[in-house]
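The values are calculated or read from the model by the stated rules, or taken from the named source; none is laboratory data. Everything quoted here is computed from the prediction, not taken from an experiment. We place every Cβ from the backbone using ideal geometry, glycine too, and count neighbours over all the protein chains shown. Only protein heavy atoms, including side chains, enter the accessible area calculation; ligands, DNA and RNA are left aside. Shrake-Rupley method; radii C 1.70, N 1.55, O 1.52, S 1.80 Å.
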Amino acid sequence: MRRRILLAILLAVTVTAVALGIPLGWSASAVVESLTREELGGRARQIAAVLDDQVTGGNEPDLNGVQLLVPPGGHLLVELPDSDFRRELGDDLVGDTVSEEVPIVQHGKVVLSVDAGPMRTTQTQVTLLVVLVVIAAIGGGAAVASVTARRLTRPLRHVADRAARLGAGDFRLDKTRYQVSELDSVAEALDASATALAQLVQRERELVGDVSHQLRSRLTSLQLRIEELTAVPDEEIAGEAQAALEQAERLADVLDELMTAAREARATGAEPVDLSGELVGITEEWRAPMRAVGRSLKVKLQDNLFAKVSSARLREVIGVLLDNALRHGSGTVTLTAREGVGTSGDTVVIEVTDMGPGVPDELAEHIFERGVSGGGSTGLGLALARALIDSDGGRLELSAKRPATFTVFLPVPRAGDVQGVRWPAERSPR
């Protein structure tokens, strides 16, 4: 695209410069010749006037009196047909010459000639100057074309990247605009699509979660009932019950595999991230806004803590939680990252809490729904944050209403997730 725009602008500039340069060069050459002939004609008229006065007084024309009017290297010819008077002054000229003929009142003529070489040289110089101007115009056009092409293609690349991220499940809104109405319309359409897709994906994931939970609960109840039948005295009934129990267990395994596969599919693009370094970098960006309103940000990080997550999405999610604490909370904001308590280390927990009044009871159940906000904001941030972290196979929950505590649960990387990563011995992936 950039090359096409650059070539189009260059072609337009070149055609315009050539179309103007050719007549300009011809006109400049004609002006040089016109000026030379005008100067030569003026000298010839002065000579004719002097000689006419001499002839009118009855004297023979004296060329010595007009010698100073003959240009250096020029040639003067004076003819009076009535008296067979013919005189020449100066050297004979050969080759290309420029001549001007002026009549004498007393039936004669004055022919003044000069070598055309200096005029041709000046014409060549002027033509070369025009050519240089054309080349400079094309060069300037090339520079403008390059800047214009870059200015047009950079927003197009950005729009393409946004569309690619949207297709990959990154529903973050982007406030970037390009001062080009058509591209700005595309950016607004992408924002609207991101919002609609995030809502759709969130509803689908909630539905899948609810269905899987209900299936798991019903399946567990069914297994318990069948287990009771395996203990009856009737061997035939007990055998059938055992077979049914095995089928139920296989169904439970299939359900687990399907849910695992769904989580891994959502986590496409996620990779092992050292949370110690990543979270420190994120919080450093938020210390200044916190200090600006007289608040502080405390960070508590467990060493050698790794999680499988997309860095960009993690940065956005933590940013949303810190911004939420800044806008709606008060006092010190605390960010904590640790290994999941009471687990085998398969989960990493990140908590963001503040010392504010917390989340009202009427908002707690709807805090992650779009348009729900207790502080006059858009109510989009937390919904997008949950959708983003869910895209990486994690989840975001409100774990405490007072003080408000938001908890992010992230999966721990497994062996083979990324080749070439050097893991600490105590934190090697499962």
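Using R0 = 60 Å, the C-beta based FRET efficiency linking residue 230 and residue 287 works out to 0.45. Peptides 175-185, 70-80, 109-119, 14-24 ranked from most to least packed give 109-119, 70-80, 14-24, 175-185, packing being the mean of other C-beta atoms within 10 angstrom over each peptide's residues.
What the Cβ-Cβ distance of residue 211 and residue 11 gives, at R0 = 51 Å and to the nearest 0.05, is a FRET efficiency of 0.25. Extension gain for the segment residue 120 to residue 107, taken as residue separation times 0.36 nm less the Cα-Cα distance, is 1.3 nm to one decimal. Sorting 125-131, 45-51 by average packing, meaning the other beta carbons within 10 Å per residue, from highest down gives 45-51, 125-131. Axis of helix 2-56 versus longest Cα principal axis of the chain: the two differ by about 10°, to the nearest ten degrees. The magnitude of the dipole of the chain, with charges of +1 and -1 set on the Cβ of Lys/Arg and Asp/Glu and taken from the Cα centre, is near 1340 debye. Cross-link reach is defined here as a Cα-Cα straight distance under 14 Å, omitting same-chain residues fewer than 8 places apart; for residue 401 the aspartates and glutamates meeting it are 351, 354, 361, 362, 365.
I'd like the carbon and sulfur percentage of the solvent accessible area for the stretch 1-138, probe radius 1.4 Å, heavy atoms only, ligands and nucleic acids excluded. Carbon with sulfur: 60 percent of the solvent-accessible area. What shape does the chain take by its C-alpha gyration tensor, where a ≥ b ≥ c are the square roots of the eigenvalues and a/c under 1.5 counts as rounded, a/b above b/c as prolate, and the rest as oblate? Prolate, because a/c is 1.5 or more and a/b exceeds b/c. The three principal axes of the Cα atoms in the stretch 1-136 give end-to-end lengths of 85, 25, 21 Å, sorted in falling order. The modelled label-to-label distance between residue 327 and residue 67, using points 7 Å beyond Cα along the C-beta direction, is 10.1 nm. Within the assembled protein chains, the solvent-accessible surface assigned to residue 89 is about 40 Å², based on a 1.4 Å probe. Computed with the Debye formula from one identical point scatterer per Cα of the stretch 280-342, without solvent, the log10 of I(q)/I(0) at q = 0.13, 0.23, 0.26 Å⁻¹ comes to -0.38, -1.05, -1.23.
Once the 1.4 Å probe is applied to the protein heavy atoms, the stretch 74-202 comes out at 56 Å² accessible per residue.
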